[in-house]
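Chemist: Before I ask anything, here is the structure I am working with.
A short reminder: the numbers here are calculations on the coordinates, not readings from a lab. Just so you know, these numbers come straight off a predicted model, no measurement behind them. Methodologically, a virtual Cβ is constructed for each residue, glycine included, from the backbone with ideal geometry; neighbour enumeration extends over all protein chains shown.
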Amino acid sequence: MFFYILWNFLIGYLVIRVEGVSLEKFINLTVTNGIYLWGINRQNYTTLTAKISIKGFRKLHGLSRKVHCRIRIVDKRGLPFIIYRYRNRKMLAVGMVVFVLILYGFSSFVWSVEVQGTESISPEKLIKELEALGVKPGAFKPMLDSFTIENQIILNMPGISWASLELRGSRAILRVKESVKPPAIVDKDTPSNIVASKDGIIHDMIVLDGQAVVKEGDTVKEGQLLISGIIDHSDTIGVRYVHSMGQVIARTWYEETLELSLNEPYRQRTGRKAEIKYIGWDRLKVPYSKEAVEYADYDVEVLKDGFFITEIYYEVEEVYWKSNIKKARKKLEELAEEKVKQAVPRGAKIIDKKVKYDMIESDKLIAVIYIEALEDIGMQQTIVTQ
Amino acid sequence: MRRKRLEDMKSAVSELFELPREIMLNLPKISMIGSNQMLVENHKGVIEYTPQRIRVNSSIGVIRIQGTEMQLKNIAADDIMITGEIKTVEFI
């Protein structure tokens, strides 16, 4: 039914009023002549309104005289009449064409670049690489050859084993798969010891090959022998040299000291903020929502969502650390933790954290942070034999 | 008499082969949706049309439909759709 109404709208139809005495005869006559009428409504004994197609109306003309009816057009509906009404407004038609062309034109450009599937490689790096290859906002899509770009990405970026560039609408989506590094080949023929790479207390030991020299709970120093590759057992004849393998998990400690002058000011947000919203691109932007920024000092945060740019102005005041010791402690702890974590190798598990504060003459705060971690301290050391 | 026998046979045959009777016997097919819409297929023209009363000719006689605010929603060579408040349908 909907398509029927749509079709009638597209080809256009007329609303007619028929006046006469024998209206039933008129209806029957249209039917037998193959003229299609719909929405027939009798107003009173001598008048009737109905809808008819333009084609049908032409056929009707000769017919009306036979039944002595007067036919008048009440309304013209549908697209052909609307077009006819605007026939002299050429710029309207030009505007429509320009609209379609712009829509089509803009859809053949890339407007956003996305990267999916990265694990250790940062997406920004890949976006930068794509930009160098021509895939960036504003790039003309037909000029991009995804096949060569994919190959270039794989060649230029180490650690990527597969890449696929999809241009979906105005988005360019790069899907990558990072390659898995093959495990290091263990040279079992060279005899070696495992020594401690740093001080610690042995927490757990798994010896796969070789002779354990220390045991769980032992305190070891850096460079101390943990697993020996020289096996000299009473059951065997002579001395055997092996490539010792194993995991030596030890508790290790890291320490960091930081200080903060309490007489120094810091910037603190007061909680008041003002937002200015823009629509636009880069520097070409038009504000559509504006709040007055009347702060002496402020920080600006810019959020971008497609063509919508929001600038948030936070009012800022300068406060001395002295006035808020609690906050100073927290800040110092954060800084210290960040610094100490740089020293902790990847793969180590932090199991404990302690912070000690010291105040010196009420103008300096000193924080000492201790971190206890569990990590593998084993290190290969080849045995030199004559 | 002969004609009556032919009609009976046609009826029996259409029943046996499950053929649509309205085509075999040239009968009007009337379908209604509630009391607001009525479709008369296989008609033979409109005799009278007013918003209160519609008379449609068919092979078995005149079908008289009475109601209020009735409209001929569409009309084609072999079907009529009537919309509005239908109260009675009679075969006379």
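Chemist: Relative contact order for chain A: what is it in percent, counting Cα pairs under 8 Å that are at least 6 residues apart? Don't skip to the end; give the middle numbers.
Modeler: Working: 701 pairs, mean separation 46.1, N = 386.
For chain A, the relative contact order is 12 percent.
Chemist: A follow-up question, please. Give the lysines reachable from A:Lys349 as a straight Cα distance under 17 Å; neighbours fewer than 8 places away on the same chain don't count.
Modeler: Hits, sequence-local ones excluded: A:Lys198, A:Lys339, A:Lys341.
Chemist: Take the alpha carbon gyration tensor of region A:141-289, find the square roots of its eigenvalues, order them as a ≥ b ≥ c, and report rounded if a/c is under 1.5; if not, report prolate when a/b exceeds b/c, else oblate.
Modeler: oblate
Chemist: Now, a different point. Give me the inter-chain shielding for A:47-58: mean count of other chain Cβ atoms within 10 Å, whole number please.
Modeler: On the way: counts 0, 3, 1, 4, 1, 0, 0, 0, 0, 0, 0, 0.
Whole-number average of other-chain Cβ neighbours for A:47-58 is 1.
Chemist: Shape call for region A:49-108 from the C-alpha gyration tensor, a ≥ b ≥ c root eigenvalues: rounded (a/c under 1.5), prolate (a/b greater than b/c) or oblate?
Modeler: On the way: a/c = 4.76, a/b = 3.54, b/c = 1.34.
Prolate, since a/c reaches 1.5 and a/b exceeds b/c.
Chemist: Relative to the longest principal axis of chain A, what angle (0 to 90°, nearest 10) does the C-alpha long axis of helix A:2-11 take?
Modeler: Tilt of helix A:2-11: around 60 degrees.
Chemist: Where Lys and Arg each count +1 and Asp and Glu each count -1, what net charge lies around B:Arg55 among other residues with Cβ under 15 Å from its Cβ? Don't skip to the end; give the middle numbers.
Modeler: Details: positive: A:Lys25, A:Arg42, B:Lys44, B:Arg53, B:Arg64, B:Lys87; negative: A:Glu24, B:Glu48, B:Glu90.
Computed value for this residue: +3.
Chemist: Let me ask something additional. Name the long-range amide H neighbours of A:Thr190: under 5 Å, sequence gap of 5 or more, or other chain; modelled H, no Pro or chain starts.
Modeler: none
Chemist: Moving on to the next point. Given Cα positions, please report Rg to Rh for region A:194-246, the hydrodynamic radius being the Kirkwood one.
Modeler: Reported Rg/Rh, Kirkwood definition of Rh: 1.01.
Chemist: What is the sum of charges, Lys and Arg at +1 and Asp and Glu at -1, for the other residues whose Cβ falls under 12 Å from the Cβ of A:Asp352?
Modeler: Numbers: positive: A:Arg251, A:Lys349, A:Lys353, A:Lys354; negative: A:Glu372.
Net charge in that neighbourhood comes out at +3.
Chemist: Using only the alpha-carbon atoms, how far is helix A:90-106 inclined from the longest principal axis of chain A? Give it as 0 to 90 degrees, nearest 10.
Modeler: The answer is roughly 20 degrees.
Chemist: Here is a follow-up. So for A:Trp111, A:Trp7, A:Trp321, fewest C-beta neighbours within 10 Å to most, what's the order?
Modeler: Working: A:Trp111 16, A:Trp7 12, A:Trp321 20.
Least to most surrounded, the residues fall as A:Trp7, A:Trp111, A:Trp321.
Chemist: Now for a different question. Return the aspartates and glutamates within reach of A:Lys364: Cα separation strictly under 19 angstrom, same-chain partners fewer than 8 residues apart disregarded; answer none if there are no such residues.
Modeler: A:Glu256, A:Glu259, A:Glu264, A:Glu318, A:Glu333, A:Glu334, A:Glu337
Chemist: I've got another one for you. From the phi of every residue in region A:253-258, what ³J(HN,Hα) in whole Hz does the Karplus formula 6.51 cos²θ - 1.76 cosθ + 1.60 yield, where θ is phi - 60° and glycine or proline is x?
Modeler: 10, 10, 9, 8, 10, 9
Chemist: What per residue convex hull volume, in Å³, comes out for region A:2-82 when only alpha-carbon positions are used?
Modeler: Numbers: hull volume 7.0 nm³, N = 81.
Convex hull of Cα atoms, per residue: 86 Å³.
Chemist: Same structure again: Using only alpha carbons, build the gyration tensor for region A:206-337 and give me the equivalent ellipsoid semi-axes, biggest first, whole Å.
Modeler: Numbers: eigenvalues 803, 123, 16 Å².
Working from the Cα gyration tensor, I get semi-axes of 63, 25, 9 Å.
Chemist: So for each of A:158-169, A:98-109 I average, over its residues, the number of other beta carbons within 10 Å; can you give me the resulting order with the highest mean first? Don't skip to the answer; put the middle values down first.
Modeler: Working: A:158-169: 14.2, A:98-109: 10.7.
Per-residue Cβ counts within 10 Å, averaged per peptide and sorted highest first, yield A:158-169, A:98-109.
Chemist: Something else: Counting only other chains, and only Cβ atoms inside 10 Å, what mean value do you get across the residues of B:23-32? Write down the numbers at each step before the final one.
Modeler: Values: counts 0, 0, 0, 0, 0, 0, 0, 0, 0, 0.
Taking all residues of B:23-32 together, the mean is 0.
Chemist: Shifting gears a bit: Using Cα atoms only, what is the angle between the long axis of helix B:2-16 and the major principal axis of chain B, expressed in degrees (0 to 90) to the nearest 10?
Modeler: With rounding to tens, the tilt is 80 degrees.
Chemist: Cα-Cα pairs above 40 Å in chain A: how many percent? Working shown, then result.
Modeler: Working: 46009 of 74305 pairs.
Here the tail beyond 40 Å accounts for 62 percent of pairs.
Chemist: Starting from the Cα gyration tensor of region B:36-92, take the square roots of the eigenvalues, sort them a ≥ b ≥ c, and report rounded, prolate or oblate (rounded when a/c is under 1.5, otherwise prolate if a/b is larger than b/c, else oblate).
Modeler: Numbers: a/c = 1.79, a/b = 1.24, b/c = 1.44.
It comes out oblate by the Cα gyration axes.
Chemist: Strictly over 30 Å apart at the Cα level, which of A:Lys215/A:Lys331; A:Lys322/A:Lys356; A:Lys181/A:Lys221; A:Lys59/B:Lys10; A:Lys128/A:Lys304; A:Lys66/B:Lys73 would you flag in this model? Before the final figure, lay out the partial values.
Modeler: Values: A:Lys215/A:Lys331 41 Å; A:Lys322/A:Lys356 18 Å; A:Lys181/A:Lys221 32 Å; A:Lys59/B:Lys10 40 Å; A:Lys128/A:Lys304 18 Å; A:Lys66/B:Lys73 25 Å.
In this structure, A:Lys215/A:Lys331; A:Lys181/A:Lys221; A:Lys59/B:Lys10 exceed 30 Å between Cα atoms.
Chemist: Within 10 Å of each Cβ in peptide A:16-27, how many partner chain Cβ atoms are there on average? Round it to a whole number, please. Don't skip to the answer; put the middle values down first.
Modeler: Values: counts 0, 0, 0, 0, 0, 0, 0, 4, 8, 3, 2, 7.
Average neighbour count from other chains, rounded to a whole number: 2.
Chemist: Please report the relative contact order for region A:168-264, taking Cα pairs under 8 Å with a sequence separation of at least 6, and give it as a percent rounded to a whole number. All intermediate terms of the calculation are to be shown ahead of the outcome.
Modeler: On the way: 162 pairs, mean separation 29.9, N = 97.
Computed value for region A:168-264: 31 percent relative contact order.
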